Amino acid sequence: MDERSQNLSRVAGGRETYDARRLNDTLAGARFGRALAVGVIDSTNTALFELARSGEPEGLVLVSEEQLAGRGRLGRKWVSPKGKSILMSMLVRASVEPQRAGLLNAVAGLAVVDAVQAECGIEVDLKWPNDIVAYGKKLGGILTDAGTDREGRQFWVVGIGLNVNWSAGDFPQEIADTATSLSIVAGAGFDRTALAASIARFFGDGVSELESSRETLLARYRKALKTLGKKVRVELPNETIVGVADDIDDSGDLIVITDRGERRLVLAGDVFELRPA
Ligand code: BT5
């Protein structure tokens, strides 16, 4: 067995309840067109990152039923009951300037919005920088990890967590008031295999759009971002900014006009919507 197959089988050790064959059939020919479905894993982002470092080519999609160490940003935890979420990561080796790579979060967010619309008939919103929300509650989040492989080539692992078939009793205390799921919003369950395939397809189209036509992508992102035009409080590690979320720049960073009229560029932070005074 070569190194790559060994890596793949190590990562794949687990119960498979996604329909991996249908997932791969549906993705045939797509840019993100090879899927690996595993049972339990620490984190799909961490596992795919390791494969990427060893030279795995672009296009691999890793989905899992359960994560033991699911990660959010800044060392936060991503929680999920077994078999009820989409927990997926995709390996990107695009020709994107590193300073624009933040837009992969936008590409992933838009892919989720489009796939949920197509597969579930539900409209969901994006909240800057990486949340998928419905009725003001968090449905999903995105985590992009950037790395360099052993040959010095840049890659990105884009991870998506989406609460699909959770019922009311599935929410741990710490997110009970702030989170929701597609099944709660719609009152129906959804096929995770079809949804994951649709997200991967839209994501591939979006990465190509980012490479060839960034302005079109930015226009779509501006339209989907519910944060723009809202009065917000932005929490940064050492500072809190209050103002109006005015726009995003070419790299997807948020432009806030503060109450004192200053223009501030926010690269990463937690945004809370405030009620207008
Ligand atoms: C995120 O971080 O929203 C990024 C989440 C990315 C998860 C995916 S799952 C597949 C891949 N593999 C990984 O290991 N990660 C990615 P952040 O903005 O930091 O939000 C984290 C915060 O959201 C936590 O501190 C909780 O407050 C809340 N949270 C945790 N799990 C949640 C869930 N399932 N639904 C809604 N909110 C959640």
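The values are calculated or read from the model by the stated rules, or taken from the named source; none is laboratory data. What you are looking at is a predicted structure, and each value in this text was computed from that prediction instead of being measured. Cβ sites come from the backbone with ideal geometry, for glycine too, and all protein chains shown count toward neighbours. Just the protein is used for accessible areas: all its heavy atoms, side chains included, with ligands, DNA and RNA removed. Shrake-Rupley method; radii C 1.70, N 1.55, O 1.52, S 1.80 Å.
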> Just for region 148-161: of the residues that are more than 8 Å from the ligand (Cβ to nearest atom) and surrounded by 10 or more Cβ atoms within 10 Å (Cβ to Cβ), which one is nearest to the chain's Cα centre (by Cα)?
Replying inline: 158
> Inside region 125-171, can you point out the residues that are of a type in the set (A, V, I, L, M), in contact (Cβ under 8 Å) with a residue 40 or more places away in the chain and closer than 18 Å to residue 92 by Cα?
Replying inline: 143, 146, 157, 158, 160
>> Restricting to region 75-117, name every residue that is out of contact with any Phe, Trp or Tyr (no Cβ under 7 Å at 6 or more places or on another chain), farther than 22 Å from residue 179 by Cα and either open to solvent by less than 30 Å² (accessible area, probe 1.4 Å) or touching a residue at least 24 places away in the same chain (Cβ under 8 Å) (or both).
In response: 94, 95, 96, 98, 99, 100, 102, 103
> What number of residues in region 44-79 are on the phi > 0 side of the Ramachandran plot and within 10 Å of the ligand (Cβ to nearest atom)?
Replying inline: 2
> Among the residues of region 258-277, how many are part of a strand (DSSP E or B) and not aliphatic (A, V, I, L, M)?
Replying inline: 6
> Which pairs do you get when a residue that is in contact (Cβ under 8 Å) with a residue 24 or more places away in the chain, found in region 234-252, comes within reach of a residue that is open to solvent by 40 Å² or more (accessible area, probe 1.4 Å) and of a type in the set (Phe, Trp, Tyr), reach meaning Cβ atoms under 8 angstrom, with the pair 6+ apart or on two chains?
Replying inline: 234/272; 235/272
> Out of (1) within 16 Å of the ligand (Cβ to nearest atom); (2) of a type outside the set (D, E, K, R); (3) free of Cβ contacts under 8 Å to residues at least 60 places away in the same chain, what's the single condition that is false for residue 181?
Replying inline: (3)
